[in-house]
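Working notes for the structure below.
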Amino acid sequence: QVQLVESGGGLVQAGGSLRLSCAASGSISRINAMGWYRQAPGKQRELVAVISSSGSTNYANYADSVKGRFIISRDNANNTVYLQMNSLKPEDTAVYYCNVRGLRVGVQLPAFTSWGQGTQVTVSS
């Protein structure tokens with residue numbers, strides 16, 4: 001069982017900042033990718049940012065709508081991913097979900113996918 005605990009959501013004014021955190025725990029052997037998705041009312045869930053590993057190198061990818069404003073980072077030792085959100089806009093308002101993919105202890109295949117419960121981010125104009 002892999003559990004994700006999210007925190008950091010809240011209400012901010014446009015132009016403000018928030019930092020989301022997501023900590024993964026459980027029988028995890030390795031994490032291949034950690035990311036953030038969001039879903040606004042009446043819209044599909046969309047990828048915001050993801051950080052994945054290839055060997056010792058981490059790769060970050062962002063949705064076009066958040067490039068230059070959001071930064072995703074990862075603390076491998078604590079299986080934690082962060083999303084620093086700067087210059088927030090009202091259109092960033094959504095429920096943000098953490099997603100983690102990796103391998104369980106003693107299991108090579110298949111990789112697991114785990115979702116957090118979601119944290120509300122509201123940006124006022």
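The values are calculated or read from the model by the stated rules, or taken from the named source; none is laboratory data. Values in this document were obtained by computation on a predicted structure and should not be read as measured data. We place every Cβ from the backbone using ideal geometry, glycine too, and count neighbours over all the protein chains shown. Each accessible area value is taken on the protein alone, full model and side chains, heavy atoms only, with ligands, DNA and RNA left out. Shrake-Rupley method; radii C 1.70, N 1.55, O 1.52, S 1.80 Å.
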Response to the item:
Given (1) modelled with pLDDT under 95; (2) under 13 Å from the mean Cα position of the chain (by Cα); (3) among the hydrophobic types (A, V, I, L, M, F, W, C), A63 misses just (1)
Practice prompt. Look through the range 87-112, keep the residues that are open to solvent by 50 Å² or more (accessible area, probe 1.4 Å) and of a type in the set (A, V, I, L, M, F, W, C), and return whichever of them is modelled with the lowest pLDDT.
Written response: L109
Worksheet item: Somewhere in the range 63-79, is a residue touching a residue at least 12 places away in the same chain (Cβ under 8 Å), assigned to a helix (DSSP H, G or I) and over 14 Å from G9 (Cα atoms)?
Response: yes
Discussion item. I need the full set of residues from the range 1-22 which are over 18 Å from the mean Cα position of the chain (by Cα), assigned to a loop (DSSP other than H, G, I, E, B) and more than 21 Å from G106 (Cα to Cα), in order please.
Written reply: A14, G15, G16
Worksheet item: When you go through (1) free of Cβ contacts under 8 Å to residues at least 12 places away in the same chain; (2) not in a strand (DSSP E or B) one by one for Y59, which number turns out not to apply?
Response: (2)
Fill in: Members of the range 19-44 found to be in contact with a helix residue (DSSP H, G or I) (Cβ under 9 Å, 6 or more places away or on another chain) and either over 16 Å from R101 (Cβ atoms) or hydroxyl-bearing (S, T, Y) (or both), listed by number
R38, A40
Worksheet item: When only residues in the range 69-86 that are open to solvent by 60 Å² or more (accessible area, probe 1.4 Å) and among the polar types (S, T, N, Q) count, which is farthest from I51 (Cα to Cα)?
Response: N78
Practice prompt. Would you be able to tell me the number of residues in the range 23-56 that are open to solvent by less than 60 Å² (accessible area, probe 1.4 Å), not charged (D, E, K, R) and not in a loop (DSSP other than H, G, I, E, B)?
Written response: 18
Worksheet item: With respect to W115, is the statement that it is open to solvent by 70 Å² or more (accessible area, probe 1.4 Å) and either of a type in the set (K, R) or under 13 Å from the mean Cα position of the chain (by Cα) (or both) true?
Response: yes
